[in-house]
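The values are calculated or read from the model by the stated rules, or taken from the named source; none is laboratory data. Predicted, not measured: the structure shown is a model, and the values here were computed from it. Heads up, the Cβs are rebuilt from the backbone with ideal geometry, glycines too, and the neighbour counts pull from every protein chain shown. Quick note on the areas: whole protein, heavy atoms, side chains included, nothing else; ligands and nucleic acids left out. Shrake-Rupley method; radii C 1.70, N 1.55, O 1.52, S 1.80 Å.
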Amino acid sequence: MLFNSLTYIAMMLLALPLVAMSPAWLRRGIFLVGSLTFYSFWRIDFTLLVVFSAVVDFFAAHGIHASTNERVRKTFLVISLTLNLGLLVFFKYTYFIVGSTQSVGELLGMSFAISLPNIILPLGISFYTFQTISYSIDVFRRIQTPVNNFPLFLTYVMFWPQLVAGPVLRAHEVLPQLQNHRRANAGEVVRGLEEILQGLFKKVVLADTISSVVDYGYGLPVAQMGTIDSWTLAFAFGLQIYFDFSGYSQIAVGSARVLGFNFPQNFNWPYLAVSPRDFWKRWHISLSAWIRDYLYLPLQGARFRGASTGGIEAREATEKISFVRSNVALLLTWFIMGLWHGAAWRFAVWGLWHASMIIVYRLLMRRPPKLPKAIVVLGGWSLTTAFAMLGWIFFRAPTLDQAFQMVLRAFDPTALTTMAMRENNYLMTFLYFAGLLVVAGLLRLRTFAVPTPIRFVVATGGNAIMIAMVILFLRDVQQFIYFQF
Amino acid sequence: MSEGSETKAEWFARAVALALGFLLALAYVNHLQKQRLEAAQFALGEDTLPRRAQFEGQLSGAHTIPNYASTLLAASDTQSWWDGPEGLWLGNSQMHAINAGVEGSRTAAEYASEQLNLPLWSLSLPNASLQEHRFVFEWALARRRPDVLILSLVYDDLREDGLRPELDELANSTLLATLQTQGVQAERLATLMADRLPDDADAQGSGGYGDSAVRESWQDRVDTYLEGRLSANWSLWRERSGARARFQTDIYRLRNTAFGIKATSKRKMIPIRYQRNMATLWELLDRAKVEGIPVVVYIVPLRWNPDPPYEIAAYERWKTTIADAMADRPGVVFEDLDRLVPDELWGEYSKSGQIDFMHFREDGHVILGRRIAELIQRHLE
């Protein structure tokens, strides 16, 4: 089921009073049935796949926990990881692996054809797989006690607010809230509704309208594009994916909150980041934290942390890890992170692009420039934003070749006056970005003493605009970009 | 202040802001709805009337996509109604819009039809590009083969690219397959359209960020049901598209005011769009030639007081390019009609005071209709 649909609104309108009126044991049942229904509304057959995956992890975790024999524990862990990653690789990467193998074969003069069946990518497989993997590893690390109640565990894996596109949460962040569920108070319900509204506005109004610029622009031949086109399209997609995904996350967090759950925020104004490291503490925070704890820090040989907060913010300051090992781990991590986002080489390059940004930043910070702080902040913000946006080209361009050409075109002084799109496309992209910065600036005023009546008027006006726009623009369901992951 | 320490007064104020915002939003949408605009009216201005042409009691003109199908198909269903020669006229809003028009005003197509005593199926869309004409021509060809094709050329519409989503309604696999064999631009249009149409896009490799993954799912069915129920019982929901068009018009006007954009502001040509449209024009003419359909090509009448909102030198170069190319094409009659309609027959957007360069009064339609009839006559003779 998609959040930006009448069906989801109807489901929440049904679930809220039921949750409010039911005793705790029944509420847990509502969450499970609701989650199964939510996924089945996409495809019921694939619901069984998620359940199967959860069954294996449930028993594997008990096997890991029960044994004191390290080999037995590792065997159960390997079973769990093999199943989870195996399903992910099969459903998500089969075409990619076969295609890449064929390409390599052609390079070596060997031509072979492999006929593949029509493989459907299960909705949210990348997200729930990461959740179940983290559960098994946390039990192995003995920072999580396996849950004895399978329906409860299945609810954790399938809980509808975060099932198909995150946030990627750890068992210890959700299970206690399920076990000892308490109803949301009135303040939380209001706050949750605000978050749902803001998320819908971002998705339905902002992301879906700028998508016309993106879809048109990335369909143009690069040879016809100018320098400004490349930059505009980089920013346009950067804005689209931000509004789309942060909108989704906000609806997820808001939905959870009105149901009585407290989920961490997944985005924190990433385009205000002043360094690449800062960016990854603000973008898809729960995924960055997952990668940090289950991939990056283990590869470095450093101590992991145990929460889906903090983003990429990594090791304790006291830990000494060699520069080379740290950066090799970084490159490998980002290569995998890139491929997690999509089964194509351009996603891997996108990951390496970000790894390179972080490495350059680290090198620069070894001898920080002695400049006024304002200049460092402004320069850091400009460079981080510009290169993060350019990186999105790899994410969105139809081919790796076109992505490289577009990035090169962004630095082509001979194409400065060439423009391949209508004037409105540039204007819209500029206004969206400028609007984002203005809103970020206005929200900072919250920290100052703004008189309550003014605050009330601004909040009412803001809500009215967002609700009106959602009513006008909510139409044929547009899928979230991250659903393909 | 942390969430936990929010006082009762604070959350109550937020709740009131939310509830009040909801009521204000409904009032605003209701207000927009009362001033709603039909899509066809959006580009015309208040003083200009859209009109569907008729021939002998049969609707022969259409300026919305659903009407395209019903017009041509209705005629095809009644074969006995007409078995003489007939024409197909493709153009933009100039064809269906009459400045200061009143009930009963007639378009150029009707005047031409009357003079020739044959039906001219006139299919027009606001700002229709040559790529869209190409697509519509192929679609129409499969339904009613015309004896003559009349094609209007509008310099301004060369700034358009691709196919508008409403045209999806006309697409089917046969049409797309035909386009794929008809040249580079036609193949591109077929691909563009195919990417938008429902397919087995659950499968990987279908690509795109479309919504096809939910098509035919339970969600799709329930959404359709709820949408139907809401539309049936809540006028505000049912009329959202009109309110949305009104809102977008307001945004468009706000942009024009903020950036000082007027009807007279010069519009630059966009090279890639120009090239694609021109390449499509040559393909379209080649296709008509293969089918043995004679073509009348004309450059549309424009208002010349003041000068049109183009770079005049570029516009003149374009006309020369067209004239030179047409001279070498057998089966094509070409005429530059850009000064055909005198200044006094052009309109204004009365409320905004903006000058209208594209739409003239009924007398202008009379002049254009008669001129086109003469050009068609040359072919049919």
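Give the relative contact order (percent, whole number) for region A:1-123; include only Cα pairs under 8 Å separated by 6+ residues. Let's see the in-between values first.
Details: 53 pairs, mean separation 19.2, N = 123.
Once divided by the residue count of region A:1-123, the mean separation gives 16 percent.
Could you report region A:276-405's accessible area per residue, 1.4 Å probe, as an integer in Å²? Please list the in-between numbers first.
Details: 5860 Å² over 130 residues.
Per residue, region A:276-405 has an accessible area of 45 Å².
At a Cα cut-off below 18 Å, give the lysines reachable from B:Lys268, other chains included and same-chain residues fewer than 8 away excluded.
Within the straight-line cut-off, B:Lys268 pairs with B:Lys319.
In peptide B:25-32, what is the residue-averaged number of other protein chain Cβ atoms found within 10 Å of each Cβ? Write down the numbers at each step before the final one.
Values: counts 10, 4, 2, 7, 5, 1, 1, 3.
Mean shielding by partner chains, rounded to a whole number: 4.
Please work out whether region A:70-152 counts as rounded, prolate or oblate from its C-alpha gyration tensor, where a ≥ b ≥ c are the square roots of the eigenvalues and a/c under 1.5 means rounded, while otherwise a/b larger than b/c means prolate and anything else oblate?
Working: a/c = 3.83, a/b = 2.21, b/c = 1.73.
Because a/c hits 1.5 or more and a/b exceeds b/c, region A:70-152 counts as prolate.
Between A:Arg71 and A:Ile9, what FRET efficiency follows from the Cβ-Cβ distance if R0 is 51 Å, with the result rounded to 0.05?
Numbers: r = 51 Å, r/R0 = 1.01.
Working from the Cβ atoms, E equals 0.50.
Can you tell me the order of B:219-228, A:289-298 when each peptide is scored by its average per-residue count of other Cβ atoms within 10 angstrom, highest first?
Working: B:219-228: 16.4, A:289-298: 21.6.
Packing order, densest peptide first, comes out as A:289-298, B:219-228.
Rounded to two decimal places and with Rh computed the Kirkwood way over Cα pairs, what is Rg over Rh for the protein assembly as shown? Let's see the in-between values first.
On the way: Rg = 30.5 Å, Rh = 30.4 Å.
On the Cα set of the protein assembly as shown, Rg over Rh gives 1.01.
As a test, work out the antiparallel percent of DSSP beta bridges whose residues both lie in chain B, rounded to the nearest 5. All intermediate terms of the calculation are to be shown ahead of the outcome.
Numbers: 8 of 31 bridges.
DSSP beta bridges in chain B are roughly 25 percent antiparallel.
Which of the lysines could be linked to A:Lys203 by a straight reach, that is with a Cα gap under 30 Å, when you skip same-chain ones fewer than 8 residues away?
A:Lys92, A:Lys281, B:Lys34
Report, as an integer, the average count of C-beta atoms from other chains found within 10 Å of each Cβ along A:4-16. Could the numbers behind the result be given before it?
Values: counts 1, 8, 10, 12, 3, 1, 4, 1, 0, 0, 0, 0, 0.
Mean shielding count: 3.
What order do A:Ile119, A:Ile44 take when sorted by accessible area (1.4 Å probe), most exposed first? Provide the component values of the computation, followed by the final result.
Details: A:Ile119 10, A:Ile44 95 Å².
If we order A:Ile119, A:Ile44 from most to least accessible, we get A:Ile44, A:Ile119.
Pull out a ≥ b ≥ c, the square roots of the eigenvalues of the alpha-carbon gyration tensor of region A:79-232, then state rounded if a/c is under 1.5, prolate if not and a/b is larger than b/c, and oblate in the remaining case. The partial results should precede the final answer.
On the way: a/c = 3.16, a/b = 1.27, b/c = 2.48.
Oblate.
Tell me, how many Å apart are the Cα centres for region A:374-449 and for region B:213-279?
Using only Cα atoms, the two centres lie 25 Å from each other.
Rounded to the nearest 100 Å², what is the sum over both chains of accessible area buried where A meets B, with a probe of 1.4 Å? Intermediate results must be reported in sequence, preceding the final value.
Details: alone 22540 and 19810 Å², together 37330 Å².
The buried area between A and B, both sides summed, comes to about 5000 Å².
So what's region A:6-183 giving for Cα Rg divided by 2.2 N^0.38 Å, two decimals? Working shown, then result.
Details: Rg = 19.2 Å, N = 178, 2.2 N^0.38 = 15.8 Å.
Compactness ratio reported: 1.22.
Of the heavy-atom accessible surface of the protein assembly as shown (probe 1.4 angstrom), what whole percent is carbon and sulfur? Don't jump to the answer; show the numbers that get you there.
On the way: 22740 of 37330 Å².
Carbon and sulfur atoms account for 61 percent of the accessible area of the protein assembly as shown.
For chain A, what is Rg from Cα atoms divided by 2.2 N^0.38 Å, rounded to two decimals?
Details: Rg = 23.2 Å, N = 485, 2.2 N^0.38 = 23.1 Å.
So chain A has a normalised radius of gyration of 1.01.
What's the angle, to the nearest 10 degrees (0 to 90), between helix B:65-77's Cα axis and the longest principal axis of chain B?
It works out to around 50 degrees.
A drop of at least 50 square angstrom in accessible area, chain alone versus all protein chains together, probe 1.4 Å. Which residues of region A:19-65 meet that?
The answer is A:Phe41, A:Trp42 - residues whose exposure falls by at least 50 Å² when every protein chain is included.
Cα centroids of region B:101-129 and region A:99-131: how far apart, whole angstrom?
Taking the Cα centre of region A:99-131 as reference, the centre of region B:101-129 is 55 Å away.
Can you pull the mean other chain C-beta count within 10 Å for peptide A:449-460? List each step's numbers first, then the result.
Values: counts 0, 0, 0, 3, 1, 0, 4, 5, 2, 1, 7, 11.
Mean shielding by partner chains, rounded to a whole number: 3.
Evaluate the relative contact order of chain B (contact order divided by residue number), counting alpha-carbon pairs under 8 angstrom at least 6 apart; express in whole percent.
Details: 540 pairs, mean separation 87.4, N = 381.
RCO, chain B: 23 percent.
Pull up all non-local amide H partners of B:Phe360: gap of 5 or more, or a different chain, and H-to-H distance under 5 Å with H placed in the peptide plane.
Residues meeting the amide H criterion: B:Asn99.
Go through region A:395-405 residue by residue and turn each phi into a ³J(HN,Hα) via Karplus (6.51, -1.76, 1.60, θ = phi - 60°); whole Hz please, and just put x for glycine and proline.
6, 10, 4, x, 9, 5, 4, 5, 4, 4, 4
Using helices alone, I'd like the mean residue ellipticity at 222 nm for the protein assembly as shown: each DSSP H run of four-plus residues gives -39500 (n - 2.57), total over residue count, nearest 500.
Numbers: 33 runs with 496 residues, N = 866.
One gets -19000 deg cm²/dmol as the mean residue ellipticity at 222 nm.
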